[in-house]
1. Could you give the Stokes-Einstein D for the range 232-277 in µm² per second, using the C-alpha Kirkwood radius, 4 °C, 1.567 mPa s?
2. Which helices count as membrane-span-like in the chain under these terms: full DSSP H, at least 30 Å along the axis by C-alpha, Kyte-Doolittle mean of -1.0 or more?
3. Between Val302 and Asn55, what is the spin-label point distance in nm, taking each point 7 Å from the Cα along the Cα→C-beta axis?
4. At 1.4 Å probe size, what's the solvent-accessible area of Phe305? Round to the nearest 10 Å².
5. With a probe of 1.4 Å, find how much accessible area the chain has per residue, and write the answer as a whole number in Å².
6. Given the C-alpha centroids of the range 107-171 and the range 244-293, what is the distance between them in whole angstrom?
7. Considering only protein heavy atoms and a probe of 1.4 Å, how much of the accessible area of the range 144-244 is carbon and sulfur, as a whole percent?
8. Can you give the Rg to Rh ratio of the chain, both from alpha-carbon atoms, with Rh computed by the Kirkwood formula?
Amino acid sequence: MIQASAPAKIILFGEHAVVYNQPAIAVPVSSLRATATVEFDTTNAGLHVHLLDINQTLPIDLASELVDDALAVTARMTLKHLACPPPSATITVTSQIPMASGLGSGAAVSTALARALSMAIGKPITLTDLNQIVYEIEKLYHGTPSGIDNSVIVYEEPVYFVRDQNIEHIAIGKPFRFLIADTGQAALTRLSVGDVRKLYDNDPAHIQTILDEIGSIVIQARAAIEKGDAESLGVLMGRNHVCLQQLTVSSPELDILVAAALTAGALGAKLSGGGRGGNMIALVSDENTDAVREALTQAGAVKVFETIIS
Ligand code: MEV
């Protein structure tokens, strides 16, 4: 069986400011994945992408210029890149990653599909080329992305990312455990990124001071991660969350979850991703994981995932 997959991601530090060339840090969440499975078809019916979770099947027509579906465009861009006609097959895509929640579900399904398609054709695709294809898809459907989501998902490694620069991989000094809590509110990153753009255009000098502060927090966070210094990392998460509140991308629900995590003993907590809903993250220790998880659920989280970065 030909099958390929790609992970979810969380942004640990620097979301939004990364769009304005500040650094950011993101890590893959390998336990939550999008998967694409190839079934060859002997009837020569061409290529179909079957979206299992919404039970929809898309025929892939290489000549089409329509951009109405991200996965159809992913399939066509991949085939064009590999210079191959569509194989006669159905590729079934399914995802465990909640959509519109800041966990990179769109980039993950595109990555899994492009990988499965290249395997079906028997032509490997390099990580650099795959990253470029998924970035093009992100640009079509998500406004003005920085490129961090596709990078962390395609490379599936912790990244220190600065727009238009080579990705730097981060050495993790000591494992860190995070809880990821979902507000259950879908939020489109494109909209929060657009709102920050309006704020910036109205008062560039003021917004730039917040973006610079985030950039400085990210640099300190990288040092704390490399040293394995959880206490400092927690404090920096709190400072980053305040900056995101100032950029108006938090929400009452996110703030309630952040406060609940801290009260229950988390070392730090912040929203993660585009904000306005979606997910927040809390840095926890072996001793307080259960208490923080319980507090997040009590405070309204619809799902709580755990991930360890090491
Ligand atoms: C979304 O995961 C991260 C943002 O910074 C947008 C981007 O970098 O493209 C909000």
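The values are calculated or read from the model by the stated rules, or taken from the named source; none is laboratory data. Quick caveat: nothing in here was measured; it's all calculated off a predicted structure. No Cβ is skipped: glycine too gets one built from the backbone with ideal geometry, and neighbour counts run over all protein chains shown. Note: areas computed on protein heavy atoms with side chains; ligands, DNA, RNA excluded. Shrake-Rupley method; radii C 1.70, N 1.55, O 1.52, S 1.80 Å.
1. The estimated diffusion coefficient comes to 125 µm²/s.
2. Answer set is 204-227.
3. If labels sit at Val302 and Asn55, their model points lie 2.0 nm apart.
4. 40
5. Ligands and nucleic acids excluded, the figure is 42 Å² per residue.
6. 27
7. Whole-percent figure for carbon plus sulfur exposure: 51.
8. Numbers: Rg = 19.6 Å, Rh = 19.8 Å.
Using only Cα positions, Rg/Rh for the chain is 0.99.
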